[in-house]
Each structure stands twice: as structure tokens, then as C-alpha cells.
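Note sheet for the following structure.
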Amino acid sequence: MKLILISTTAFLIFAAPVFSELTVEDLEKIRSIVKESEDRLKEDLKASEERLKEDLKASEGRVMNHVADKFGEVDKRLSIIFGFVIALISLIVVVVGIPQIIMAWRGKEDRTQKERIQELRQEIETLKQHIASL
């Protein structure tokens, strides 16, 4: 068992990759691979950005249409409510205004009657004084 352990350790220590070094050609290959990966990644990012921009524009259009529809509905509802408010104001004016007009008309009749009664009283007093002086 010791022999197997020692021989395995010796093979691992003196293995060829342990003493190898990177050559300039190896470094250039690594650089070219990394550069190609970066280029592909940049292209993928640009394509993703373009798709994202298109999706955002489409989503923005849908949101704007939805908001415009909602504003249209709100405008219709406000128009209906405005009509109801005008109708209620008209009803209040009619309900309060007509009795006021009737009361003013009656008050005018009452004043004319009171004035007429006052005139008749003065005439009666004048006639009484005239009869008393005879």
C-alpha cells in the first residue's frame, strides 16, 4: 500500500503539466478567445437592448391607449354627472322660486288692498267729520 501511495505521489509531482509554462502563442489564443467572447456578448447585449426598447415602446403604446380610454370613460361620466347637477339646480330653482313669486304677487295684492282700505277709512273719517259739522 505504501508503494502505491509513494508511486502515485511521485507521478503527480513529476507530471508534465506541473512544469509547463504558457507560451506567447497560448496567451494570444486565450486573448483571441476572450475577445471573441466579449464581441459576442456585446452583440447579444445590443440585440437585447433593441428588443427591450421595442417591447417598452409597445408597452408604452398600450398603456397610453388604456389611459386614453379611461379618460374618455371618465369624461363621459363627468358629462352625465354635470347634466344631473344642472337638472337638480333647475329643480331647486323651480321649487323655491315659484313659491317666492307667488308670495311676492300675493304681498303686492295685500299692499294694494291695505292702501285701498286706508283710503276708504280716510274718506269715512272725512265724511264723518263733514256730517258732524252739519
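The values are calculated or read from the model by the stated rules, or taken from the named source; none is laboratory data. Computed from a prediction, not measured in an experiment: that's the story for all the values here. Because the Cβ atoms are built from the backbone with ideal geometry, glycine has one as well, and the counts that use them run over all protein chains shown. To get the accessible areas, we keep the full protein, side chains included, count just its heavy atoms, and leave off ligands, DNA and RNA. Shrake-Rupley method; radii C 1.70, N 1.55, O 1.52, S 1.80 Å.
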Report task. Would you count, across the chain, every pair of lysines whose alpha carbons are under 28 angstrom apart, provided the pair is eight or more residues apart or spans two chains? Result -> 10
Query raised in the report: Between residue 115 and residue 57, 0.36 nm times their residue separation minus their Cα-Cα distance comes to what?
Result: 12.5 nm
Report task. Tally up the carbon and sulfur contribution to the accessible surface of the chain as a whole percent, 1.4 Å probe, everything protein left in place. Result -> 66
Report summary line: Labelled set (1) 1.01; (2) 0.94; (3) 1.94; Rg/Rh (Cα atoms, Kirkwood Rh) computed from this model equals the value at (3)
Query raised in the report: Between residue 33 and residue 134, what is the label-to-label distance in nm when each label sits 7 Å out along the Cα-to-Cβ direction?
Result: 14.9
Query raised in the report: Under a 1.4 Å probe, what is the accessible area of region 81-134 per residue, stated in Å²?
Result: 97
**Report entry** Gaussian network model of the chain, Cα within-10 Å springs - most flexible of 58, 68, 104
**Finding:** 104
Requested in this report: Please give the helix 2-13 orientation as an angle from the longest Cα principal axis of the chain, in degrees from 0 to 90, rounded to the nearest 10.
Outcome: 70
Query raised in the report: Which residue, 117, 86, 102, has the most motion in a Gaussian network model of the chain that connects Cα atoms within less than 10 Å?
Result: 117
Report task. Would you tell me the accessible area of residue 70, worked out with a 1.4 angstrom probe on the heavy atoms of the protein chains, in Å² to the nearest 10? Result -> 100
Report summary line: Once Lys and Arg are counted +1 and Asp and Glu -1 for all other residues with Cβ under 13 Å from that of residue 117, the total becomes -2
Report summary line: Highest GNM mean-square fluctuation among 56, 12, 45, for the chain with Cα springs under 10 Å, belongs to 12
